[in-house]
1. Taking region 317-340 as the region of interest, how many residues are out of contact with any Cys (no Cβ under 8 Å at 6 or more places or on another chain) and surrounded by 19 or more Cβ atoms within 10 Å (Cβ to Cβ)?
2. Being under 17 Å from L55 (Cα atoms) and either in the same structural domain as N238 (by TED's automatic domain parsing) or under 11 Å from the mean Cα position of the chain (by Cα) (or both) is the requirement here; does T177 meet it?
3. Across region 207-222, what is the number of residues that are without any contact (Cβ under 8 Å) to a residue 12 or more places away in the chain and either within 18 Å of F178 (Cα to Cα) or small (G, A, S) (or both)?
4. Taking the residues in region 31-49 that are touching a helix residue (DSSP H, G or I) at 6+ places or on another chain (Cβ under 7 Å) and in a loop (DSSP other than H, G, I, E, B) as candidates, determine which candidate is surrounded by the most Cβ atoms within 10 Å (Cβ to Cβ).
5. Is it the case, given these coordinates, that K257 is in a loop (DSSP other than H, G, I, E, B), among the charged types (D, E, K, R) and within 25 Å of Y138 (Cβ to Cβ)?
6. Assuming E274 fulfils every condition listed in (1) charged (D, E, K, R); (2) out of contact with any helix residue (DSSP H, G or I) (no Cβ under 6 Å at 6 or more places or on another chain); (3) surrounded by 19 or more Cβ atoms within 10 Å (Cβ to Cβ) apart from one, which condition is it?
7. Can you spot a residue in region 209-217 that is touching a helix residue (DSSP H, G or I) at 6+ places or on another chain (Cβ under 7 Å) and among the small types (G, A, S)?
8. Looking only at region 238-290, which residues are of a type in the set (V, I, T) and touching a Lys or Arg at 6+ places or on another chain (Cβ under 8 Å)?
Amino acid sequence: MSKKIWLSSPHMGGEELKYIHDAFEKNWIAPLGENVNEFEKNLTQFLNIDYATALNSGTAALHLALINLGVKRDDEIIVASLTFSASVNPIVYQAASPIFIDSEPDTWNMDPELLEDAIKDRINRGKKPKAIILVHLYGMPAKIDDILSISGKYDIPVVEDAAEALGSKYQGKPLGTFGEMGVLSFNGNKIITTSGGGAMVSNNPDYTKKALFLATQARDDAPHYEHSEIGYNYRMSNILAGIGRGQMEVIQDRIEKRRANFNFYFSNLNNYEEIEFLTEQTGFFSNYWLTTCIIKENAKHITREDIRLKLQMKDIETRPLWKPMHLQPIFKHYPAYLNGVSEELFEKGLCLPSGSNLTEEDKYRVLSELKSVLDG
C-alpha cells in the first residue's frame, strides 16, 4: 500500500532537538527562557521589524492586537470573509462584531472597493469600524497599497493576519510589517512550526509591552501577585521556542520548496482549460504555503469534488478552500458586503498537497492522479 500524502505536514530541519536538549540541560522547562528570547530575535531579523512577541497561537496574537487597539463590546471590526475562523474568533472574544468583506478575484483577498463601501455604510449607520484585519490568504499578498490608502483615508488601523504568509513579501517588504501589528502562526501545518504557537510583531514598543504584560497573566510590578487587569496565559513555552529556533535555520529552504511545489503543478497542469491557479501579481512574492486552484466550468463536467474524492481514494489529502465566514452558522447573522467571489471560490477551489517535505515521487504521484481525472 502506498504511503499517505498529506496536504501540509510538519517538516523538521534537524537542529530542533539541539535547542530542546539545551533547555532540558539548563532546566528551562518553565515557560520562558533563552529559546524564547532567541526565537523572537530570529523573527525580528527575518522580518526586519523591531519587536516580536512569541505566543502560544496566532489566535492569541490577534486577540492581543485587538486589545492593544482598544477593541471593546459592540465595536465593529472589518475582516475578510474568505479566511479561517481564527481570524474572526478574537473579535467575538472582545464582544465586538465582525463585518465581513468579500474577495476580489486577483488575489482572493479582501476587495478594496467593497472595503470602502462597507466603511462608508457603517459610518452612515453611526458606527465607524474600529479596525481592519487584513488576511493574506494561502501566503498570497493582498492589495496592500489600496487597502492601506483606504484605511488611512478613514483613519482606521490595520492588523495584518499573516498567519499563512511568513516569508511572503509585497514590493520586497515582508508581510506582517505593513500594519500597526502583524500576526503569525506556527501551527503544525504552517511553513515553519513550533508544534503550536504564534507571534505578534510590531514596530510599536507600547503595543509590545502591553502584549507581554497581558500574555503573562497581567501581573503588576510587585513582590507578590498583584493584578489590576484581566490577563491571559498566552506566552510560548521555552521548549516550543526551541523547535522554532531550529525551524528558522531552514526557513529559506522551506519557502523555496513550497514555491517549487507550485511551479511543478503550474508547469504540468496549466495547459488544462479545466484548472486555474492562484498566481502572483506584479510586485508580489508568495511563499505559496499552499498551492491552490479552481476547477472551472468545463465540457467534461469535472468538478472540484470529482478531483478531491478521487485523490482521497488514492490516499492523497486535498482540501476545499476556506468556507466563507458569512456562510458559517456561528457568524451568518453578522453584516457582510458581498460580490459572490468567495462563494464561487469555495464551491470550485482546491488546495493541493504542498508540504516542503514532498518528494519528487510524491509530486508525480499526485500529478498522475490529477491528470487521470482531468483527462476524463
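The values are calculated or read from the model by the stated rules, or taken from the named source; none is laboratory data. Note that the coordinates shown come from a computational prediction; the quantities given were computed from them, not determined experimentally. Virtual Cβ from ideal backbone geometry, glycine too; neighbours counted across all protein chains shown.
1. 8
2. In short, no.
3. Of the residues in region 207-222, 1 are without any contact (Cβ under 8 Å) to a residue 12 or more places away in the chain and either within 18 Å of F178 (Cα to Cα) or small (G, A, S) (or both).
4. G33
5. no
6. So the condition that E274 fails would be (2).
7. Scanning region 209-217 turns up at least one residue that is touching a helix residue (DSSP H, G or I) at 6+ places or on another chain (Cβ under 7 Å) and among the small types (G, A, S).
8. Residue satisfying the conditions is I275 alone.
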